[in-house]
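Enquirer: Sending over a structure as structure tokens; questions will come in a sec.
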Amino acid sequence: MNATYLLTEIRRNFRAPRFLIFVVAFPVLMFLLQANVFTKASDPDHSQTAAVLMVNMMTFGVFAAATNSGARLALERAVGWQRQLRLTPLTGTGYLAGKGISGMLVGLPALILVPLLGVLAEGVHVDASGWVRIFAGIWLGTIPLVLLGLLLGQFGTPDSMQPINMLVTLGMGFLGGLWIPIETMPGWMHDVAQIMPTYWVLQVARPAVTSDMVVSLPTAAGVLGAWTVVLGALVIRRYRKDSARV
């Protein structure tokens with residue numbers, strides 16, 4: 001993988017106003033809103049509820065960043081930039097790896113700003129091992145979400161990617177437990193949530209802030225691993241099919 005290409009990808013993301021609004025500002029504002037809708041500062045369990053909501057919005061932030069990489073890929077396919085890159089020393093593996101890693105790195109602002117506000121504004125308290133589990137779990141759990149974004153970008157067009165990203169991000173976020181706390185979901189909705197990869201990203205981090213409706217770490221990691229293998233294979237297959245057209 002080319003380090004210069006990776007840095008270029010990251011800079012391009014942070015120069016886009018839509019990216020800064022949807023991926024950085026939106027999760028922060030939604031966390032502050034939800035922390036004052038689902039609970040009140042005077043409630044005895046306010047800090048715990050705020051911690052659960054904090055994990056939800058951290059996950060949403062990295063998910064939004066992940067799907068944004070797919071939108072970039074769709075644009076590059078449309079203008080022929082992807083074909084041009086195939087004529088350079090940059091390999092297909094390096095190209096996809098650069099997209100994937102940049103999709104993970106650009107999610108870091110939300111991963112940092114949301115918990116910072118959680119601690120300073122909402123009184124969230126988590127021990128050191130809990131913070132490690134939250135940060136590492138959510139960030140590494142982003143891998144299948146990044147692959148999903150790349151897969152969408154391999155099929156979408158520049159005009160269709162924005163509505164597709166909105167539909168996937170908000171739809172999977174809602175059904176996967178990012179917008180509604182899992183413990184408040186009706187039974188049928190909780191069953192649907194378990195189909196979504198976002199639900200399992202939450203399950204990696206949730207035990208650090210609550211003991212309600214959690215699963216074991218090996219189970220959550222295993223499901224995310226399966227999503228990674230399947231989505232990774234689909235991304236590679238689609239990329240090779242596109243390459244064969246050149």
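The values are calculated or read from the model by the stated rules, or taken from the named source; none is laboratory data. Just so we're clear, the structure is a prediction, and the values are computed from it rather than from any experiment. Cβ atoms come from the backbone with ideal geometry, glycine included; neighbour counts cover every protein chain shown. Side chains included, ligands, DNA and RNA excluded: accessible areas come from the protein's heavy atoms. Shrake-Rupley method; radii C 1.70, N 1.55, O 1.52, S 1.80 Å.
Enquirer: Condition (residue is modelled with pLDDT under 90 and of a type in the set (A, V, I, L, M)) applied to segment 194-214: is it met by at least one residue?
Expert: yes
Enquirer: Examine segment 119-126 for a residue that is more than 20 Å from E183 (Cβ to Cβ), surrounded by 16 or more Cβ atoms within 10 Å (Cβ to Cβ) and in contact with a Phe, Trp or Tyr (Cβ under 8 Å, 6 or more places away or on another chain), and state whether such a residue exists.
Expert: Within segment 119-126 (the criterion being more than 20 Å from E183 (Cβ to Cβ), surrounded by 16 or more Cβ atoms within 10 Å (Cβ to Cβ) and in contact with a Phe, Trp or Tyr (Cβ under 8 Å, 6 or more places away or on another chain)), the answer is no, since none of the residues qualifies.
Enquirer: Being open to solvent by 50 Å² or more (accessible area, probe 1.4 Å) and touching a residue at least 60 places away in the same chain (Cβ under 8 Å), is that true of even one residue in segment 49-70? Reasoning before the result, please.
Expert: Residues of segment 49-70 open to solvent by 50 Å² or more (accessible area, probe 1.4 Å): none.
No, segment 49-70 contains no residue that is open to solvent by 50 Å² or more (accessible area, probe 1.4 Å) and touching a residue at least 60 places away in the same chain (Cβ under 8 Å).
Enquirer: Can you tell me which residues in segment 182-206 are out of contact with any helix residue (DSSP H, G or I) (no Cβ under 6 Å at 6 or more places or on another chain) and surrounded by fewer than 18 Cβ atoms within 10 Å (Cβ to Cβ)?
Expert: Selection gives E183, T184, M185, P186, G187, W188, M189, H190, D191, Q194, I195.
Enquirer: Which of the residues spanning segment 86-103 are farther than 19 Å from N13 by Cα, outside any loop (DSSP other than H, G, I, E, B) and not β-branched (V, I, T)?
Expert: Within segment 86-103, the first condition is being farther than 19 Å from N13 by Cα, and the residues that meet it are 86-93.
Those still in the list that are outside any loop (DSSP other than H, G, I, E, B) too: 92-93.
The one that is farther than 19 Å from N13 by Cα, outside any loop (DSSP other than H, G, I, E, B) and not β-branched (V, I, T): G92.
Enquirer: With respect to A41, determine if the residue is open to solvent by 10 Å² or more (accessible area, probe 1.4 Å) and among the small types (G, A, S).
Expert: So A41 fits the description; yes.
Enquirer: Out of all the residues in segment 91-118, which are open to solvent by 20 Å² or more (accessible area, probe 1.4 Å), within 23 Å of T157 (Cα to Cα) and in contact with a Phe, Trp or Tyr (Cβ under 8 Å, 6 or more places away or on another chain)?
Expert: Passing the criteria: G92, L96, M104.
Enquirer: L178 passes all but one of (1) open to solvent by 10 Å² or more (accessible area, probe 1.4 Å); (2) part of a loop (DSSP other than H, G, I, E, B); which number fails?
Expert: Evaluating L178 over (1) open to solvent by 10 Å² or more (accessible area, probe 1.4 Å); (2) part of a loop (DSSP other than H, G, I, E, B) leaves (1) as the failure.
Enquirer: Output the residues belonging to segment 1-58 that are more than 20 Å from the chain's Cα centre (by Cα), among the aromatic types (F, W, Y) and either within 20 Å of Q203 (Cβ to Cβ) or in a loop (DSSP other than H, G, I, E, B) (or both).
Expert: Residue satisfying the conditions is F38 alone.
Enquirer: Working carefully through the options F26, F14, find the one that is open to solvent by 10 Å² or more (accessible area, probe 1.4 Å), among the aromatic types (F, W, Y) and modelled with pLDDT under 80.
Expert: Numbers: F26 fails: modelled with pLDDT under 80.
So the residue among F26, F14 that is open to solvent by 10 Å² or more (accessible area, probe 1.4 Å), among the aromatic types (F, W, Y) and modelled with pLDDT under 80 is F14.
Enquirer: Another one. Of G137, G123, which residue is in contact (Cβ under 8 Å) with a residue 60 or more places away in the chain and on the phi > 0 side of the Ramachandran plot? Give the derivation first.
Expert: Working: G137 fails: on the phi > 0 side of the Ramachandran plot.
Residue meeting the stated conditions: G123.
Enquirer: Go through (1) of a type in the set (A, V, I, L, M); (2) without any contact (Cβ under 8 Å) to a residue 60 or more places away in the chain; (3) assigned to a helix (DSSP H, G or I) for V214 and report which single condition fails.
Expert: (3) is the only condition that V214 fails.
Enquirer: Kindly indicate whether any position in segment 135-148 is out of contact with any Phe, Trp or Tyr (no Cβ under 6 Å at 6 or more places or on another chain) and not in a helix (DSSP H, G or I). Steps first, please.
Expert: First pass over segment 135-148, keeping only residues out of contact with any Phe, Trp or Tyr (no Cβ under 6 Å at 6 or more places or on another chain): 135-143, 146-148.
Within this subset, residues satisfying the condition of being not in a helix (DSSP H, G or I) are none.
Taking every residue of segment 135-148 in turn, none turns out to be out of contact with any Phe, Trp or Tyr (no Cβ under 6 Å at 6 or more places or on another chain) and not in a helix (DSSP H, G or I).
Enquirer: Shifting gears a bit: Answer with yes or no whether A78 is modelled with pLDDT of 95 or more, part of a helix (DSSP H, G or I), under 29 Å from L234 (Cα atoms) and open to solvent by 10 Å² or more (accessible area, probe 1.4 Å).
Expert: Values: modelled with pLDDT of 95 or more: no; part of a helix (DSSP H, G or I): yes; under 29 Å from L234 (Cα atoms): yes; open to solvent by 10 Å² or more (accessible area, probe 1.4 Å): yes.
No: the conditions fail for A78.
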